[in-house]
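Before any comments, here is the structure.
Only the coordinates and a few stated rules stand behind these numbers; no lab work does. Computed from a predicted structure; not experimentally measured. As a convention, Cβ positions derive from the backbone with ideal geometry for all residues, glycine included, and neighbour counts pool all protein chains shown.
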């Protein structure tokens, strides 16, 4: 169980529970810590559980019970087999909390908890290569000659780092080299044509060509295009700023409308309340004498009801006192018997305590003998472990032999019971046929019938004794389970909650008065 509790605590620390730094065991968790852990696991398992307002239980008992019931219903909706309720969270025991945590951890999605896994060097290399390939695929594609020439892309054109007006457009799949040269205004016999080879080998930066009339013809157009681009960018930025300002003003306007609507509703509600109060006050002030008469009448009726209730209470008390006296007189002898039984059980318990003390003294002596040696020997420990293992194996063998003996005895009992029934049947038939002729056979027939009835009652009693022993064993197991469920601590918590509920009820009654 310790390994299971460690796994649960590790999972809770991974999902971000606040108590994991101070608590390292599942048995040390408080009620608030258990509530927080269950709510966090529910939020990961079911998105609807995010509607739970807080990770801590409130201080008021009514709200406390309501939130605990809500969380228990959310866990039930996931399909847990155990019967849980608000008491499972407010008055927990380790067994139920461990089952709930295991169930919720099994329901967690696979991506909710990230496990730290140490990869091998080859796996780490594959991971880095894959991430680099994904990063390269997400980038924009750059032609090889543009990387070699260190050119930059501006919209649809690639520009040199120098202030060169020549621009190379992005080529499509069916674009031809002659169209590119015609677009740039370069003649086939020019040195630029020789430098603009698209072969991937021995790529060098072409020398800057001499100014030609054809290139100068496009320079003015390029400058006008650049100016237009700058103006477009400026107008676009102005439009973006205007749109953001309009959006901000729109949000403010919507907020003002919403606040105005809320204030109008509050004003209408308060006006209705004041109108109702004004009507009541006007009724009282318009005819105060009639209102005073109504009050005197109500007070008189209340006094009559009070006197009637006091008389009923006195009659009920007198009757109950008579019944209580009779019951006390009848139960006096039973109380004496119970006290006698309690004295006997007390004597038996004292004997058991004395025997346990003697056994404890013997064990202490044995422990002192074993710990008297200054040096601990490894062989002694090994021999002790082997001895315990042999005892366990011997106990297992005894259990198996006892089970086999029980099965054998059950089989013999069935065989004997069957042979007994068959014998009784044969003897009964024979005596019944011959009893009319002889009086002694008739008496023998009566004795056989009595013996048959007694044997059947003995078999029935044996079965009942076996069932009673089985029930005793089950009751003993249930008692041990109840001892493990921290019943005393839960009872103290229930008493504290009861005191808080009574205090809250008194406060509510005072507020109502």
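Observations on the model:
- For segment 439-512: rounded, prolate or oblate by the Cα gyration tensor [a/c cutoff 1.5]: oblate
- At R0 = 35 Å, FRET efficiency that the Cβ-Cβ distance of residue 280 and residue 310 yields, to 0.05: 0.55
- Listed by Cβ neighbour count within 10 Å, with the fewest neighbours leading, 61, 276 appear as 276, 61.
- Efficiency of FRET from Cβ geometry, residue 410 and residue 52, R₀ 51 Å, rounded to 0.05: 0.40
- Residues 45, 20, 294, 455 arranged by fewest to most Cβ contacts within 10 Å: 294, 455, 20, 45
- Remark: 57, 447 ranked as 447, 57, counting other beta-carbon atoms within 10 Å and listing the fewest first.
- Shape of segment 1-152, Cα gyration tensor, a/c cut at 1.5: prolate
- Global geometry of segment 269-356, whether rounded, prolate or oblate, following the gyration tensor of its Cα atoms and the 1.5 cut on a/c: oblate
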